[in-house]
Structures are given as C-alpha cells and as structure tokens.
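First up is the structure itself, then whatever we jot down about it.
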Amino acid sequence: MSLGPRGPRGIEGSQGRDGIPFNPVMNSLADDVAIVTDSTDPLPGEPGKYYRSFKSVSEALDVPSIQHIIIHRTQDDVVATINRSVTMTGIGTPITLRIGNINSGFNVKFKGLSLEFMNSSINSSVEFRDCNVTISDHVYITSAPMVSFHRCNVTISWSLTCRDTRVDIQSSKITVLNGVPIALTRTTHISFNNEYICQDPQAVQLVTIDVNGGNKVSISNALVRLLPTVSLFIALPLRDTASKASGTCITVLCDNPNLIVEGTVEAVSVNGKYSGSTYHKSNWNAYPIRTITSSTTLSPTDRTVIVNGSNINITIPDLVEGREYVFQVSSGTNRTITLANTGQVITLDGSASGYRLIIIGGVLKQLA
C-alpha cells in the first residue's frame with residue numbers, strides 16, 4: 001500500500017498558558033560575599049553576579065554585612081586593623097596581605113593566603129589554614145581564646161610572645177631565624193606533627209617558659225633540623241613547678257657530633273641514635289665515660305664520671321636546668337663537687353659509692 005501526497009497544513013492551535021516568570025533575585029547572596037580584585041569592573045558576560053567587588057580588603061571590611069572575603073589580586077595589600085569576625089580566602093597565586101592588629105572579641109579565619117605580621121597584636125580567636133605566615137617583628141598574642149595553625153608554612157624572624165592564651169600548631173613547617181621562636185606566659189601550647197627548620201647558628205630552643213608558672217606545653221612528633229654550628233639544643237625547658245610540660249617523639253637532625261640536647265623530653269633520637277625512653281642517660285648521643293684522678297672542670301659533654309683517688313675537686317661550669325650527672329666514686333678522702341655559678345659544694349663520702357645528681361632550680365640535688 002502506497003501513501004498519497006501530504007495534505008495542507010491545519011489550522012494553528014490555541015496558545016498555551018503563560019509559565020511562571022523567571023526573575024531571580026541575587027541580592028541576598030550579595031550581602032555577605034565579597035571578592036577583592038585589581039578591578040571592580042564586572043567580567044564580560046557575567047550574568048547573575050552574586051557577590052560584591054572591591055579593590056582592597058580594607059574596603060570590604062568596612063562593609064559590616066560582608067562575612068566572607070575572597071581575595072584574587074596580583075598586588076599586595078595592607079590591613080591596619082581587623083575589628084570584626086570575618087573569613088578571608090585566597091584563590092590563585094597568593095599575594096602578601098600585611099596585617100596590623102586583630103582586636104579582641106572576634107573569630108577570624110584565614111585560608112590559602114600569604115600573610116605578614118609586623119609589630120602586631122592578636123587578641124581574638126584566629127585560625128590559619130593552608131597559609132604562609134611570616135612573623136617579621138614582635139607579634140603579641142594576648143588573651144586570645146585560641147590561635148591555631150594547620151598545614152601552614154610559618155617563618156619566625158623575630159619573636160612570637162604568647163600570654164594568657166592557647167596556641168596550637170599542627171602539621172606545619174616552622175622556619176626559625178632566631179634562637180627562641182615562641183615565648184610563653186600562662187599559655188597552653190600544643191605542637192603536633194610539625195617540622196622545625198632552625199637557622200640560628202648558635203644555641204636553639206623551641207620555646208621559652210615564663211618562670212612565674214601557669215603554662216601547659218606539649219610538643220610531640222616533631223622533626224627538628226639544626227645547623228652544624230649548633231652546639232646546644234633545648235627542646236623543652238621547664239623552669240618552675242607550676243607549669244606542666246612534656247615532649248615526646250622528637251627527631252633531631254644535626255651534623256655536629258658534639259651536639260648537646262637538654263629539656264624535659266622523652267623518646268628523642270639524634271641522627272638516628274634513639275634514647276629508648278629518656279635522653280637522660282650516660283650513653284645517649286654517644287656521651288663518653290670520663291675517668292678523673294685529679295681536680296678538674298667538666299666539659300659540656302661529660303655525663304658519667306668515674307672518680308679515682310683523693311684530694312679531688314670537680315667543678316660543674318654550666319648551670320643548665322634538668323641536666324643530670326652520674327658519679328662513680330672509689331674510696332678516698334677530700335673529694336668535692338662544686339657548681340661554679342652558685343658556689344654550691346657537695347662533699348663525697350670516703351667509701352666507694354655512686355651519686356646521681358640533677359640541676360633543679362639552680363641547685364644540685366641528689367636523686368635516689
């Protein structure tokens with residue numbers, strides 16, 4: 001069966017009902033999102049723009065409704081003071097954002113930014129995440145509920161002073177250009193899984209703890225890289241009984257075979273030499289056993305000393321908190337141990353005996 005030719009077009013049907021009008025309103029989204037670029041002109045073909053454009057971070061901060069600032073600039077920027085809660089996120093190649101003070105009572109978050117602090121004070125809760133943070137001069141963190149660094153590169157070229165606050169550093173790389181990067185007073189400081197690169201050629205310590213007490217400090221799973229010129233590394237000093245401090249699983253890398261490590265720490269290894277439980281052992285870091293037959297001054301690496309004979313005075317020249325000594329003494333007369341800095345003298349027994357001494361609070365004390 002074959003089909004015939006097509007017939008004429010029929011009459012046009014009735015018009016359909018009008019649909020719901022589509023006129024989206026984006027004003028509510030624009031109230032709390034801002035993007036800071038080199039220009040505030042809209043991009044070509046940018047329909048439905050749902051953010052507000054600014055040329056500087058300060059301009060965006062001046063608008064109270066802005067809660068999230070996205071920074072996509074090619075030029076550095078400066079913020080003198082942050083006076084409110086805000087989240088700042090960087091996209092693209094990070095520029096350097098120089099920040100002055102962060103005043104108290106707010107929650108501030110930085111993500112994916114390059115930041116520089118110089119003569120600054122931080123008095124609020126601040127979170128740094130995936131940021132490059134440079135401490136170029138004195139920075140004071142005071143009475144802040146929490147300041148945290150996560151997956152950050154932190155460069156401390158001067159000092160970071162913390163008082164009455166909590167500072168957490170986790171999974172970050174900390175480059176220290178001076179000998180003491182962080183000073184603590186009545187502060188809780190937790191450092192976990194961090195790498196410290198210490199560029200000071202002399203003595204190095206990770207923190208200082210105020211003698212007035214009230215600090216809680218924990219440093220664990222740390223990798224510390226020291227220059228070959230460093231002779232003394234103080235991992236975690238504890239100078240008062242009112243503070244609590246612990247350091248565990250610290251790996252130290254240094255090409256100086258005479259490196260001395262001090263501090264309240266356990267499970268420390270230096271260049272692959274593991275202490276077992278605590279570094280206060282005579283054979284830790286290959287300290288030799290020294291035999292003394294006449295009056296002498298101990299060297300910085302002397303820990304275990306054998307004393308043979310009479311009329312011997314042993315001088316301890318360095319007052320280093322927490323340092324321990326073991327003396328094995330033969331029978332004899334007129335043997336003393338003198339702590340040079342204080343003039344304290346300990347008289348040894350005439351019979352053969354052993355002594356285990358530790359410097360606590362600037363005083364030699366005998367351990368059981």
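Before moving on, here are some points about what is shown:
- Where Asn193 falls short, out of the listed (1) at pLDDT below 90; (2) surrounded by fewer than 23 Cβ atoms within 10 Å (Cβ to Cβ): (1)
- From the options Arg166, Arg151, Arg186, residue that is more than 17 Å from Phe117 (Cβ to Cβ) and in contact with a Gly (Cβ under 6 Å, 6 or more places away or on another chain): Arg186
- Strands (runs of 3 or more DSSP E) completely within region 298-368 that count 3 or more residues being surrounded by 14 or more Cβ atoms within 10 Å (Cβ to Cβ): 304-307, 312-316, 324-329, 335-339, 353-360
- Filtering region 71-85 to residues that are surrounded by 13 or more Cβ atoms within 10 Å (Cβ to Cβ) and assigned to a loop (DSSP other than H, G, I, E, B) leaves His72, Arg73, Asn83, Arg84, Ser85.
- Residues located in region 154-163, provided they are assigned to a strand (DSSP E or B) and either among the aromatic types (Phe, Trp, Tyr) or farther than 12 Å from Asn119 by Cα (or both): Val154, Thr155, Ile156, Cys162, Arg163
- Residue that is modelled with pLDDT of 95 or more, under 28 Å from Arg225 (Cβ atoms) and surrounded by 14 or more Cβ atoms within 10 Å (Cβ to Cβ), where the choices are Ser125, Ser114, Ser157: Ser114
- Flag if Val63 is among the hydrophobic types (A, V, I, L, M, F, W, C), assigned by TED's automatic domain parsing to the domain that holds Ser124 and either outside any strand (DSSP E or B) or at pLDDT below 95 (or both): yes
The values are calculated or read from the model by the stated rules, or taken from the named source; none is laboratory data. In this text, all values refer to a predicted model and were calculated from it rather than measured experimentally. Glycine also receives a Cβ, built like all others from the backbone with ideal geometry; neighbour counts cover every protein chain displayed.
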